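Undergrad: Below you'll find the structure I mean.
Since every read-out is calculated from the coordinates, none of them should be taken as a lab result. Just so it is clear, the structure is predicted and the values come from calculations on it, not from any experiment. Here the Cβ positions follow ideal geometry from the backbone for every residue, glycine too, while neighbour counts run over all protein chains shown.
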Amino acid sequence: GAGVSQSPSNKVTEKGKDVELRCDPISGHTALYWYRQSLGQGLEFLIYFQGNSAPDKSGLPSDRFSAERTGGSVSTLTIQRTQQEDSAVYLCASSRDRDYEQYFGPGTRLTVT
Amino acid sequence: GESVGLHLPTLSVQEGDNSIINCAYSNSASDYFIWYKQESGKGPQFIIDIRSNMDKRQGQRVTVLLNKTVKHLSLQIAATQPGDSAVYFCAENREGNRSTLTFGKGTMLLVSP
């Protein structure tokens, strides 16, 4: 079946602009995660959605970052007033439920100029 | 905890050799560990996992060893192939926060034919 998909695959934006990154999880997966991966670094947890529960936003680095998940499926990560340090690959993952294996999408490479 | 570096540690091996990739974790409360493989331009891919009530688990050509005494995790790849070339990450799940993973910085494995 289809895996996790993300769009766009690449995004170049000017400093100060807002960007939206999209994640389509695997159908039926109730848990969805966003991570950020900077060059040569491990993955940094950003936010986690589980079903209809309030999301765990503990990893969001600033109030410029927000995410929503509509209808328990598609998720959008929004970065407002982008800064150069926001440049990274943003990865989305989904899992059947909490405590199950996470399947990752290919990521969106964000470059802020 | 793990040191933060700008350059990934790299392990270079010849095709057919056995590879051992190591990971140290800092939280003794972590009770679930996963190894991921990430090829260039792709999201991380699950390889194998282990729970803290085990000290060894084997998969196809891979073995994960867990030493809770020294908080050390290793991934052994038998008969390494060029297709194994990738960055390998260990990840831990911390007690009380089972749904989010904390990732290590990664090790690059380079396999020469």
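Undergrad: At 7 Å along Cα-to-Cβ for each site, give me the label-to-label distance between A:Ala2 and A:Ser66 in nm.
TA: 2.7
Undergrad: Using only alpha carbon pairs under 8 Å that are at least six residues apart, calculate the relative contact order of the stretch B:27-113 and give it in whole percent.
TA: 29
Undergrad: Right, another one. From the phi angles alone, apply the Karplus equation (6.51, -1.76, 1.60; θ = phi - 60°) to the stretch B:66-77 and give each ³J(HN,Hα) in whole Hz, x where the residue is Gly or Pro.
TA: 10, 10, 6, 4, 9, 6, 10, 10, 9, 10, 10, 10
Undergrad: Right, here's the next one. As a quick test, which of the pairs A:Lys11/B:Lys71; A:Lys57/B:Lys71; A:Lys11/A:Lys57; A:Lys57/B:Lys105; B:Lys37/B:Lys68 have an alpha carbon distance above 30 angstrom in this structure?
TA: A:Lys11/B:Lys71
Undergrad: Quick check for you: which residues of the stretch A:57-98 have the amide N under 15 Å from the point 7 Å beyond the Cα of A:Glu14 toward its beta carbon?
TA: Residues A:81-84 fall inside that zone.
Undergrad: Amide H to amide H, which residues 5 or more places from B:Ser85 or on other chains are under 5 Å from it, using H placed in the peptide plane?
TA: B:Val111
Undergrad: Give me the net charge of B:Asn18's neighbourhood, meaning all other residues with Cβ under 13 Å from the Cβ of B:Asn18; Lys, Arg count +1, Asp, Glu -1.
TA: Summing Lys/Arg as +1 and Asp/Glu as -1 gives -2.
Undergrad: Using a Förster distance of 25 angstrom, determine the FRET efficiency expected from the C-beta separation of B:Tyr32 and A:Ser73, and round it to 0.05.
TA: It comes out at approximately 0.40.
Undergrad: In Å, what Kirkwood hydrodynamic radius results for the stretch A:5-112 from the alpha-carbon pair distances?
TA: One decimal place: 13.7 Å for the Kirkwood radius.
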